[in-house]
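Comments concern the structure below.
Every read-out reported here was derived from the displayed coordinates using simple, explicitly stated rules and does not represent laboratory data. What you are looking at is a predicted structure, and each value in this text was computed from that prediction instead of being measured. Cβ coordinates were reconstructed from backbone atoms using ideal geometry, including for glycine residues, and neighbour counts include every protein chain displayed.
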Amino acid sequence: MCGIVGVVSNKDVNQKLLNGLANLEYRGYDSVGMCFIYNKNFRIKKGVGKLEEVHKKVNFLKFPGNIGIAHCRWSTHGGVTEKNAHPHVDCTNKISVVHNGIIENYSELKVELMKKGHKFNSETDTEVIAHLIEENLKGHKIEDSIKLALKKIEGSYALGILFADEPEKLIAARNESPLIIGIGDNENFIASDVPSILDYTKKIVYLEDREMAVLTKDKVSIFDLDGNLKNKIINIIKWDAAAAQKSGYRHFMLKEIYEQPRAIADTLNERIRNNNVVFEKEFALTNEFLKKIKRIIIVACGTSWHASLVGEFMLEELAKIPVEVEYASEFRYRHPILDKDTLIIAVSQSGETADTIAALKEAKNYGVKTLSICNVMGSSITRISDGVIYTRAGPEIGVASTKAFTTQLAVMYLFTILLSKLKKTLNDKQIKDMIDGIRKIPLQLQSVLDEDGEILKCAELYHQKLNSIYLGRGVNFPIALEGALKLKEVSYIHAEGYPAAEMKHGPIALIDKNMPVVLIAPHDIYTYKKVLGNIEEVKARGGIIIAIATEGDKEIPKKAKHTIFIPKTLYTLSSILAVVPLQLLAYHIADKLGRDIDKPRSLAKTVTVE
Ligand code: M6R
């Protein structure tokens with residue numbers, strides 16, 4: 001996944017690179033490196049470990065230079081070693097490259113280049129790029145050498161490239177990996193994401209696939225790989241730099257959990273008018289088309305996939321439209337049966353997940369309409385889809401997704417209202433009840449957050465357990481999956497999510513007095529009584545029951561060891577409230593275990609490789 005930042009300026013760039021990298025570290029934290037040009041020579045400093053550790057050793061701030069590139073690595077090709085840390089250079093030490101992505105044909109290129117006498121220093125796929133450019137430089141200018149190299153490589157890349165002999169020029173290129181350009185005053189930037197440079201500029205240009213940019217301190221020129229100059233729009237970003245800071249919380253994950261009332265309120269804001277749902281112009285799909293939809297396929301990964309399962313439940317239950325939810329990584333290699341009355345929805349916090357982008361492109365090949373539900377303005381997925389609904393969670397930095405998830409559920413709910421109205425599957429009174437229900441959610445979320453004391457107590461008691469089971473039914477089955485995923489991600493404790501009744505078909509064998517079982521059991525007319533039965537089954541086997549129940553429930557506290565209450569709401573909305581205690585439980589357990597919560601091992605926030 002990796003993070004990239006680069007600056008060309010009229011001042012020293014070391015502090016900006018350091019800040020940029022600190023904001024990008026969620027993308028990878030195996031190793032870090034920087035390259036500055038000073039007196040037409042490279043100064044490359046790198047090391048294994050997190051930014052803070054490496055910075056302590058090398059002190060990046062010691063190195064002057066008005067131009068530089070920096071990288072934090074999430075290893076794909078080659079182990080976690082200093083040699084494999086970026087930047088990588090050619091044989092002459094004149095070309096320096098940082099890369100996010102995977103060069104799929106690197107082995108063939110490496111053999112070819114070695115035959116020509118190139119000596120490789122690392123095991124990475126990235127290094128071939130530096131040598132390829134070096135090889136092309138024999139008969140071409142710098143920009144042309146890069147273009148030729150890019151035409152030869154297959155795979156994904158976001159690149160920052162420096163030439164020691166041209167110390168005023170920073171070159172960038174992208175294909176299927178995110179890269180943006182920031183326009184500053186007497187300085188310009190490249191970066192993997194917007195928040196990493198928000199302190200310095202809000203003027204952003206999005207690079208498209210197979211585009212290349214040449215940046216000097218006062219000019220940015222963008223070309224396609226045939227050298228045609230591209231006219232690009234400068235986007236003004238509304239996010240505040242402070243939104244990407246911890247604001248006194250010990251971890252981004254905790255801050256983001258606590259931000260959920262605000263995030264949901266923002267996501268609803270101005271979208272509900274006179275009991276109607278109105279999306280902004282980016283939504284772009286017409287009522288005429290929406291009325292005709294006969295089927296929806298939702299593609300997503302990870303937590304966004306769980307949100308999609310909740311969406312499936314809402315849309316089928318209320319708008320009466322058949323919905324399938326697919327893992328994007330599977331969908332992209334299938335030959336789906338699609339027609340013009342099918343809508344494809346891609347759900348993604350980052351808008352840059354490689355598999356979700358590929359699934360969307362696959363759908364577009366069939367000519368079907370696509371909609372994305374996304375948190376990051378201008379990200380790849382939003383640019384590919386026909387329409388977009390933004391979740392307005394604000395920058396999500398913690399690797400474990402929290403506020404993005406609940407805002408995705410809120411958007412799914414709004415979209416369900418819109419479709420139910422257009423398809424006349426619900427009457428005005430039912431629509432009004434739904435709208436009243438979601439309007440209450442921000443306040444109700446606040447009261448769920450106030451239950452933190454009981455959740456902390458559970459974390460204190462059970463953080464040493466090695467396994468746990470999460471059970472839910474109906475709209476809360478995906479919440480069981482999400483609760484288990486959160487725990488795995490940040491605490492490294494094995495956890496399984498199951499539909500509660502499915503427990504009897506296997507997992508029940510695991511339950512004994514050492515097994516915490518989290519049961520999501522809000523009071524509803526659908527499955528509540530059945531879940532009560534499931535609770536008895538767990539209890540009979542000695543399992544430690546932690547239940548999520550509706551305020552006022554008298555039955556569940558009699559059976560469960562711990563009960564965490566959520567306010568009364570509509571059944572479909574109970575999922576938004578029920579997930580929050582599970583996020584907090586995962587957080588507190590990980591904290592008790594001393595885990596690196598915002599940078600869990602082996603994970604990266606945005607999975608930009610397949
Ligand atoms: O940015 P996306 O929503 O497309 O990311 C999808 C998954 O990688 C992401 O949800 C992942 O599962 C999170 N780390 C979960 O907390």
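Which value, to two decimals, describes the C-alpha radius of gyration of segment 246-445 once divided by 2.2 N^0.38 Å? Relative to the 2.2 N^0.38 Å estimate, segment 246-445 comes out at 0.98.
Projected label points at Leu61 and Asp199, each 7 Å from Cα along the beta carbon direction, are separated by 1.0 nanometres.
Each residue of segment 420-436 is assigned a 3J(HN,Hα), and the resulting list reads 4, 5, 5, 8, 6, 8, 10, 8, 4, 5, 5, 5, 4, 4, 5, 5, 4 Hz, derived from the Karplus form 6.51 cos²θ - 1.76 cosθ + 1.60 (θ = phi - 60°), x at Gly and Pro. A simple packing score, the average count of other Cβ atoms within 10 Å per residue, orders the peptides 178-185, 200-207, 57-64, 472-479 as 472-479, 178-185, 200-207, 57-64, with the highest score first.
Computed per residue of the chain from DSSP H runs no shorter than four, each worth -39500 (n - 2.57), the mean residue ellipticity at 222 nm is -10500 deg cm²/dmol.
For the chain, the longest principal axis of the Cα atoms and the long axis of helix 127-136 meet at an angle of about 40 degrees. To the nearest 10 degrees, how steeply does helix 528-540 sit against the main Cα axis of the chain, on a 0 to 90 scale? Between the helix axis and the principal axis of the chain, the angle is about 80 degrees. Once backbone amide H atoms are built at 1.01 Å from N, Lys50 has no partners under 5 Å, excluding neighbours fewer than 5 places away on the same chain. With the Kirkwood sum run over all distinct C-alpha pairs, segment 463-600 has a hydrodynamic radius of 14.7 Å. Neighbour counting of Cβ atoms within 10 Å sorts the residues Met314, Met253, fewest neighbours leading, into Met314, Met253.
Charged side chains reduced to their Cβ positions (Lys and Arg at +1, Asp and Glu at -1) give segment 3-243 a dipole of some 560 debye around its Cα centre. Counting neighbouring Cβ atoms within 10 Å and putting the fewest first, the residues Thr407, Thr425, Thr563 line up as Thr425, Thr563, Thr407.
Entry note, segment 246-445: relative contact order of 30 percent, from Cα contacts under 8 Å with a spacing of 6+ residues. Taken over the C-alpha atoms, the chain has Rg and Dmax values of 25.3, 81 angstrom. Normalising the average separation of contacting C-alpha pairs (under 8 angstrom, six or more residues apart) by the number of residues puts the relative contact order of segment 3-243 at 20 percent. The magnitude of the dipole of segment 290-367, with charges of +1 and -1 set on the Cβ of Lys/Arg and Asp/Glu and taken from the Cα centre, is near 380 debye. When the alpha carbon gyration tensor of segment 435-502 is reduced to an equivalent ellipsoid, the three semi-axes, largest first, read 24, 18, 9 Å.
Nearest 5 is fine: what % of DSSP beta bridges in the chain come out antiparallel, could you say? Here the share of antiparallel DSSP bridges comes out near 60 percent. With θ taken as phi - 60° and the Karplus curve 6.51 cos²θ - 1.76 cosθ + 1.60 applied, the whole-hertz 3J(HN,Hα) list for segment 197-210 is 10, 4, 5, 10, 7, 10, 9, 10, 10, 8, 6, 9, 4, 6 Hz, x standing for glycine and proline.
Net charge dipole, the chain: roughly 500 debye, given to the nearest 20, about the Cα centre with Cβ charges of +1 for Lys and Arg and -1 for Asp and Glu. Summary value for the chain: 12 percent relative contact order, contacts being C-alpha pairs under 8 angstrom separated by 6+ residues.
Toward the positive end of the charge dipole of the chain, with +1 on the Cβ of Lys and Arg and -1 on the Cβ of Asp and Glu, the farthest Cα among Ala85, Leu585, Val205 is that of Leu585.
Among Leu309, Met114, Ser156, whose Cα sits farthest toward the positive end of the charge dipole of the chain (+1 at Cβ of Lys/Arg, -1 at Cβ of Asp/Glu, about the Cα centre)? Value: Leu309.
Straight-line cross-link partners of Lys238 among the lysines, defined as a Cα under 16 Å from its Cα and at least 8 positions apart when in the same chain: Lys202, Lys203.
Amide H contacts of Arg295 (H built 1.01 Å from N, in plane; Pro and chain starts excluded): Leu343 sit under 5 Å, all sequence-distant by 5 or more or on other chains. In segment 3-243, a dipole from Cβ-located charges (positive for Lys and Arg, negative for Asp and Glu) runs towards its positive end, and of Ile95, Ala172, Gly182 it is Ile95 whose Cα lies farthest in that direction. Tell me the angle of helix 106-115 to the major Cα principal axis of the chain, expressed in degrees between 0 and 90 and rounded to the nearest ten. Here the helix axis deviates by roughly 20 degrees. With the cut-off at 20 Å, tell me which of the pairs Lys486/Lys561; Lys292/Lys320; Lys45/Lys605; Lys94/Lys169; Lys465/Lys504 have Cα atoms farther apart than that. Pairs exceeding 20 Å: Lys486/Lys561; Lys45/Lys605; Lys465/Lys504. The peptide list 393-403, 134-144, put in order of mean Cβ contacts within 10 Å with the highest first, becomes 393-403, 134-144.
Peptides 70-80, 101-111 ranked from most to least packed by the mean count of surrounding Cβ atoms within 10 Å: 70-80, 101-111. For segment 190-308, the fraction of alpha-carbon pairs lying more than 23 Å apart is 60 percent, rounded to a whole number.
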